[in-house]
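The values are calculated or read from the model by the stated rules, or taken from the named source; none is laboratory data. Keep in mind that what you see is a predicted model, and the values were worked out from it rather than measured. Every residue, glycine as well, gets a Cβ built from its backbone with ideal geometry; the counts of neighbours run over all protein chains shown. Calculation scope for accessible area: heavy atoms of the full protein, side chains included, ligands and nucleic acids excluded. Shrake-Rupley method; radii C 1.70, N 1.55, O 1.52, S 1.80 Å.
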Amino acid sequence: MTTAPTWDDLLTTALLGTDRRTLPVDPADLAGREAPAALLDAAAVAAVRRRAGLRPGPAGPRPEPAPAETRPALPPAAAHRLTLLLADRPGGGGGRRGSTPDLTELLPQWLASANTHGYAAPPHMVPALLDAARARTDLRPAALEFAGARALWLARLNPDWRFAQRSASGGTSALPDAEDDEGIRRLWREGLFAERVALLTALRARTPSAARELLAETWAQERAEDRLMFLDSLRAGLTADDEPFLEQSLGDRSRNVRATAAELLSTLPGSALAARMARRAATCVALDHTGSAAAIVVEAPAACDPGMERDGVTARPPAGRGERSWWLGQLVEAAPLDTWPDRLGGRTPEQIVALPVTDDWQGELHAAWCRAAVRQRDARWARALLGAPSAPEAGGPGAVSLADRAKLLAALEADERAAWVAGFIAGHGLSEAFQLLGVCALPWTAPLGRAVVDALDIAREAGSYPWSFSGVMGLAERCLDPAETARLDSLLAVPDEREDASPGAGGYWAEAFQRLATTLRLRAAMVRELTPGGGA
Amino acid sequence: MTQQGVRRTAEQVLDLAPDASSRKAGSKLGVAGPWSGAGSGREGAVWGLCKGSGSKPYQTVVDLSDPAGPAYKCSCPSRKFPCKHALGLLLLWAGDEGAVPESESAPDWAEQWLAGRRGRAEVKKTQAAAGSAADPDAARKRAERRDQRVTAGATELERRLADLLRDGLASAERAGYGLWEETAARMVDAQAPGLAARVRELGTIPASGTGWPARLLEECALLHLLDQGWLHRDRLPDALAATVRTRLGLPTPADGPPVRDHWQVLAQYDTADAKLTTRRIWLHGADSGRTRLLLSFGAAGRAPELSLPVGMSLDAELSDHPGAGQVRATLGERHAPAAPAASRPPGTTTTRALASYGEALREDPWLDSVPVTLDAVIPVPEDTSGSWHLADADAHTALPLTPSFLARPVLWRLVALAGGAPLRVFGECGHRGFTPLTAWAEGTAAPVSLC
């Protein structure tokens with residue numbers, strides 16, 4: 001036998017065809033076979049030989065190993081729960097939700113709880129966590145914290161997850177050390193805008209005065225938009241020390257910068273600006289003793305002088321508003337609230353709010369006090385302006401709007417806030433409560449939860465459809481304390497249809513309450529599974 | 001059979017789902033809310049009533065006592081199998097011990113079905129023991145007729161291959177896919193599904209990118225080898241002749257002696273075409289050291305019935321199918337409930353893995369891959385091409401991952417699990433590269449499924 005043809009010989013002949021190219025074998029070896037068959041025979045031997053002779057290739061450079069994980073591993077039951085939560089992707093299905101819970105809504109809570117316990121994510125689940133975080137920016141901080149160092153390690157290998165490197169720990173990893181004075185200055189001079197904001201914010205959190213001094217050095221050369229953003233970073237950790245810098249900024253070329261400086265100064269009750277505003281506001285508001293009972297009389301400013309403008313008062317009102325009431329509102333908003341008891345006969349905030357106001361000025365004056373209470377985070381005034389939650393005007397078009405009340409609530413401690421909203425719901429039902437519930441802390445306190453469930457029950461009794469309350473239902477699924485689940489038991493059954501009720505409403509309500517109860521049980525299970533030693 | 005033995009984890013239950021939407025729908029029902037009257041029996045049955053959109057709740061019951069895998073029954077109209085209610089019920093049972101209490105007896109509607117099922121299973125067993133009552137003469141004639149048709153098909157295919165080589169492979173690129181589809185259809189008519197599948201595969205090669213002529217020549221040559229093997233089967237050793245029959249897709253029932261062992265489930269995955277879902281389950285015998293493949297089939301839209309959770313170990317008997325180098329087996333009697341496997345299968349190096357593929361080709365030259373567990377390998381990226389290798393931790397050698405694996409998101413599960421450190425990986429190793437199916441991180445017996 002002659003030497004066997006090489007694989008390349010066979011391949012060339014096969015590509016061109018045996019009609020065009022002779023098979024590179026001795027004709028004697030054909031042994032009566034046609035050329036194509038002989039070629040296939042030889043190729044079969046060569047193919048099996050090629051496969052049988054395969055050897056591993058050389059290994060390329062290995063990736064740097066991921067940093068070791070020091071956090072404890074997730075309990076097995078919790079790991080299974082996470083698999084389920086991650087398997088439930090939004091977007092599919094749609095339509096009516098029936099009585100089954102929406103698992104995607106529980107993922108943020110699960111992540112927060114896992115992070116509280118300080119668990120490490122199972123490494124093989126990190127890709128799914130990164131995918132979830134990529135799809136939902138609201139999940140990112142918690143998902144990335146949970147996924148830990150391995151997520152950053154993975155993100156370096158897969159461009160789809162580049163966001164993880166950007167969002168990790170606010171980019172502070174790239175910031176120079178506190179002692180690295182030169183590094184800080186270089187980054188401040190040469191950095192991109194986002195890096196400079198990050199630097200200023202980080203520095204402000206560490207040493208407030210250092211941040212202000214850094215800003216002051218280059219202040220004159222900064223663009224107006226940048227000055228506005230930088231100035232805003234002083235809001236954190238604002239003290240009387242910042243007053244001279246802010247006072248100087250009142251003379252800024254940019255109107256927005258001036259306004260922000262004035263706003264910041266007005267939150268410093270001891271500042272000179274606050275004192276100037278207090279003097280101006282006090283001249284406009286006084287006690288009227290002419291009638292039989294005490295009342296407040298308002299004399300709005302007649303002009304907006306350059307001093308007022310320098311202190312941040314905007315001279316031109318928006319369309320549809322009178323100049324004088326516009327100026328009054330700004331003066332009262334920026335004046336320290338402590339001004340008023342002294343000015344109005346030593347009365348408490350409650351007594352002041354209760355005073356009648358002459359000539360229809362009450363709305364304007366109370367709204368300005370609301371803004372001041374929010375800005376100065378003054379709980380006493382916030383309480384006085386909120387009034388009793390059950391008061392008739394709290395639910396209707398009183399002097400203080402619902403949006404203002406939601407903001408005022410934020411100035412109160414969490415428990416007091418929840419109690420006020422619970423009282424509001426008990427007195428006024430749910431239709432106006434959504435905005436107020438949004439500012440309450442998680443999970444809802446027992447009285448607040450009870451008020452919501454009772455109000456839902458009343459709405460059902462009234463014969464309306466549950467989807468009129470789907471916003472509150474959704475909030476309840478996320479915010480209600482799972483310990484309250486038992487209270488729902490009596491609401492789960494489908495009631496007999498009443499004649500005056502909307503058709504089918506009873507069934508839909510039962511379904512909605514079932515979903516609520518199921519979701520709460522699920523949340524309770526989630527918490528149990530994540531508690532060390534508490535899992536099934 | 002005790003409850004503990006058949007209870008599954010949520011992940012294992014989700015693996016039973018026929019598709020992704022069932023997984024999702026099932027996991028939503030895996031909570032107490034929609035269920036009432038749920039219970040479980042000692043013999044491995046779970047039942048419950050699930051509230052649906054109608055007034056009457058669906059009656060769902062699952063029988064887990066069958067060694068061939070769970071059986072399901074639900075009064076819902078879904079044609080998915082198992083349906084979301086069955087999945088939800090199993091999830092509820094897997095997740096929350098209190099939600100599905102153990103009970104002495106099942107409600108009537110569940111008991112009827114369970115009793116009927118178990119009765120039929122008994123009948124089957126006795127029939128099998130009595131042997132097939134069919135006419136042996138008629139069976140032989142049927143087999144002869146079939147052999148003749150396969151011979152005609154193989155002869156025709158040989159002619160087509162010869163024509164192709166006469167004109168040159170370059171013409172195959174121009175001829176396109178239609179030519180091969182038609183030939184494949186003729187192989188189906190010839191009752192040689194194995195040939196049909198290979199012919200269809202040939203049609204895809206010209207569009208498969210760089211190096212396609214070499215791949216096409218290889219596959220044509222091996223197909224030719226298979227035709228010739230069939231046409232000259234009377235001159236082949238029995239084992240090789242049986243392998244040729246298997247490769248052609250002719251039935252070759254398991255006839256090997258039952259081998260009892262502790263079979264660890266290494267991997268389970270499905271492939272589906274328009275008509276059929278094929279499930280592959282890889283098992284490794286702790287005592288025999290053998291690795292065996294179970295195949296199970298389901299009509300379109302239905303999951304195959306046999307389902308074995310990865311990471312479990314079965315005390316059971318397996319019978320091999322005939323043929324040289326054959327790894328396919330059939331599951332026989334199961335002696336005890338499945339229990340979690342305590343250890344990982346032993347592993348080897350990349351060099352030994354390819355060598356074992358080479359050795360296996362001696363027995364069966366048509367093998368695309370062999371099952372292999374690699375010990376201590378690190379996934380390593382190839383900077384330029386986006387491909388990945390598994391590199392031995394202790395040597396400078398590496399196996400490429402197959403292109404089909406690189407295209408799937410599980411690649412990242414493997415990379416994340418490793419974190420740049422050595423892993424043990426079970427998979428299929430062949431001329432296309434290595435396809436990982438299951439991995440174990442260093443120092444743990446818990447498997448992570450990659451399929």
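Considering only A:Val452, A:Gln109, A:Ala37, the residue lying farthest towards the positive end of the dipole of the protein assembly as shown is A:Ala37, judged by Cα position with unit charges set on Cβ. At 222 nm, what value in deg cm²/dmol follows for chain A if DSSP H runs of at least 4 each add -39500 (n - 2.57) and the sum is divided by all its residues, to the nearest 500? Value at 222 nm, helices only, nearest 500: -16500 deg cm²/dmol. What do you get for trypsin sites (Lys or Arg not before Pro) in the stretch B:26-64 restricted to DSSP loop and a cutoff of at most 13 other Cβ within 10 Å of the site's Cβ? Answer in residue order: B:Arg42.
The Cα atoms of the stretch B:170-234 define a convex hull whose projected area, averaged across directions, is 4.4 nm². Would you mind checking the stretch B:238-279 for residues with the amide N under 12 Å from a putative spin-label position 7 Å along Cα→C-beta of B:Ala197? B:246-251, B:271-273, B:276-279, by backbone N distance to the label point. Taking amide H positions as modeled 1.01 Å from N, with prolines and chain starts lacking one, the residues under 5 Å from B:Leu374 and 5 or more places away or on another chain are B:Thr348, B:Val425, B:Phe426, B:Gly427.
Considering only B:Ala353, A:Phe245, A:Gly118, the residue lying farthest towards the positive end of the dipole of the protein assembly as shown is B:Ala353, judged by Cα position with unit charges set on Cβ. Between the C-alpha center of the stretch A:440-478 and that of the stretch B:35-66 there is a gap of 32 Å.
Extending 7 Å from Cα along the Cβ direction at A:Arg279 and again at A:Arg316 yields two label points whose distance is 2.9 nm. Measuring r between the beta carbons of A:Glu64 and A:Arg21 and using R0 = 51 Å, the FRET efficiency lands at 0.45. Using equal-weight Cα scatterers in the Debye expression, the normalised intensity of the stretch B:350-449 in log10 at q = 0.11, 0.13 Å⁻¹ is -0.30, -0.42. Computed over the stretch A:134-261, the quotient of the alpha carbon radius of gyration and 2.2 N^0.38 Å is 1.24. Applying the Karplus relation 6.51 cos²θ - 1.76 cosθ + 1.60 with θ = phi - 60° to the stretch B:204-212 yields 3J(HN,Hα) values of 7, 5, x, 9, 9, x, 3, x, 5 Hz, where x marks Gly and Pro.
The label point for A:Ala354 and the one for B:Ala139, both projected 7 Å from the Cα toward the Cβ, are 10.2 nm apart.
Interface size, chains B and A: roughly 5300 Å² of accessible area buried, both sides included, 1.4 Å probe, rounded to the nearest 100. Entry note, the stretch A:430-536: relative contact order of 29 percent, from Cα contacts under 8 Å with a spacing of 6+ residues. Net charge in the neighbourhood of A:Phe163 (other residues with Cβ under 13 Å of its Cβ; Lys, Arg +1, Asp, Glu -1) is +4.
Across the stretch B:26-38, coupling constants 3J(HN,Hα) worked out from phi with the 6.51/-1.76/1.60 Karplus curve, θ = phi - 60°, read x, 5, 5, 8, x, 9, 5, x, x, 9, 9, x, 6 Hz, and Gly and Pro carry x. Taking other residues whose beta carbon is less than 11 angstrom from the beta carbon of A:Ala334, and scoring Lys, Arg as +1 and Asp, Glu as -1, yields +1. A viscosity of 1.002 mPa s and a temperature of 20 °C, combined with the Kirkwood radius over Cα pairs in Stokes-Einstein, give a translational diffusion coefficient for chain A of 72 µm²/s.
Net charge dipole, chain A: roughly 1140 debye, given to the nearest 20, about the Cα centre with Cβ charges of +1 for Lys and Arg and -1 for Asp and Glu. Here the stretch A:256-360 yields Rg over Rh of 0.99, to two decimals, using C-alpha coordinates and the Kirkwood radius. A viscosity of 1.306 mPa s and a temperature of 10 °C, combined with the Kirkwood radius over C-alpha pairs in the Stokes-Einstein formula, give the stretch B:262-385 a diffusion coefficient of 98 µm²/s. Label zone of B:Glu156 (point 7 Å out along Cα→Cβ, amide N under 16 Å): in the stretch B:198-234 this covers B:198-200, B:227.
Quick one: of B:Lys124/B:Lys275; B:Lys73/B:Lys275; B:Lys84/B:Lys275; B:Lys56/B:Lys84, which pairs are farther than 19 Å apart, Cα to Cα? The answer is B:Lys124/B:Lys275; B:Lys73/B:Lys275; B:Lys84/B:Lys275. Can you give me the Rg/Rh ratio for the stretch A:11-75, using Cα atoms for both radii and the Kirkwood formula for Rh? Using Cα coordinates only, the ratio equals 1.51.
Our summary gives chain A a relative contact order of 11 percent, counting only alpha carbon pairs under 8 angstrom and 6 or more residues apart. In the stretch A:361-471, Rg over Rh equals 0.99, where Rg is the alpha-carbon radius of gyration and Rh the Kirkwood radius from pairwise Cα distances.
Placing pseudo-labels 7 Å out from each Cα toward the beta carbon at A:Leu192 and A:Asp226 gives an inter-label distance of 1.5 nm. The share of Cα pairs per 5 Å bin across the stretch A:7-47, counted from zero up to the longest distance, runs 5, 25, 39, 25, 5 percent. Pairs of alpha carbons in the stretch B:390-451 separated by more than 15 Å make up 49% of all such pairs. If you take the alpha carbon atoms of the stretch B:60-124 and fit the smallest convex hull around them, that volume is 106 Å³ per residue. If you plug the beta carbon distance of B:Arg260 and A:Asp454 into 1/(1 + (r/R0)^6) with R0 = 60 Å, you get a FRET efficiency near 0.40.
Divide the volume of the convex hull around the Cα atoms of the protein assembly as shown by the residue count and you get 241 Å³ per residue.
If you place +1 on the Cβ of every Lys and Arg and -1 on the Cβ of every Asp and Glu, how big does the dipole about the Cα centre of the protein assembly as shown come out, in debye to the nearest 20?
Approximately 1600 debye in magnitude.
Once the Cβ-Cβ distance of A:Leu492 and A:Glu432 is raised to the sixth power relative to R0 = 30 Å, the FRET efficiency obtained is 0.65.
Summing charges over neighbours of B:Ala421, with a neighbour being any other residue whose Cβ is under 14 Å away from its Cβ, gives -3 when K and R count +1 and D and E count -1.
Which value, in Å to one decimal place, does the Kirkwood hydrodynamic radius take for chain B when every pair of different Cα atoms is included?
Evaluated over chain B, this radius sits at 24.4 Å.
Annotation: Cα Rg of the stretch A:319-408 relative to the compact-globule expectation 2.2 N^0.38 Å equals 1.04. Calculated mean residue ellipticity at 222 nm for chain B: -12000 deg cm²/dmol, from DSSP H runs with n ≥ 4 weighted as -39500 (n - 2.57), summed, divided by the residue count and rounded to 500. Counting only DSSP beta bridges whose two residues both lie in the stretch B:311-451, roughly 95 percent are antiparallel.
Computed on chain B, with alpha-carbon pairs under 8 angstrom and 6+ residues apart, the relative contact order is 11 percent. Length gained on full extension, A:Asp181 to A:Asp8: 55.6 nm, using 0.36 nm per residue less the C-alpha separation. In the protein assembly as shown, taking the dipole from charged Cβ atoms about the Cα centre, the farthest positive-side position among B:Ser103, B:Gln191, B:Gly285 is held by B:Gln191. Note on B:Leu406 and B:Ala185: the extension gain reaches 76.4 nm, defined as 0.36 nm multiplied by sequence separation minus the Cα-Cα distance. Computed over the alpha carbons of the stretch B:10-132, Rg followed by Dmax gives 14.8, 49 Å.
Between B:Thr348 and B:Ala170, the contour length at 0.36 nm per residue exceeds the Cα-Cα span by 60.0 nm.
Longest span of chain A, sites excluded, free of trypsin sites (Lys or Arg not before Pro) in DSSP loop with at most 10 other C-beta atoms within 10 Å?
So the longest stretch without any such site is A:254-536.
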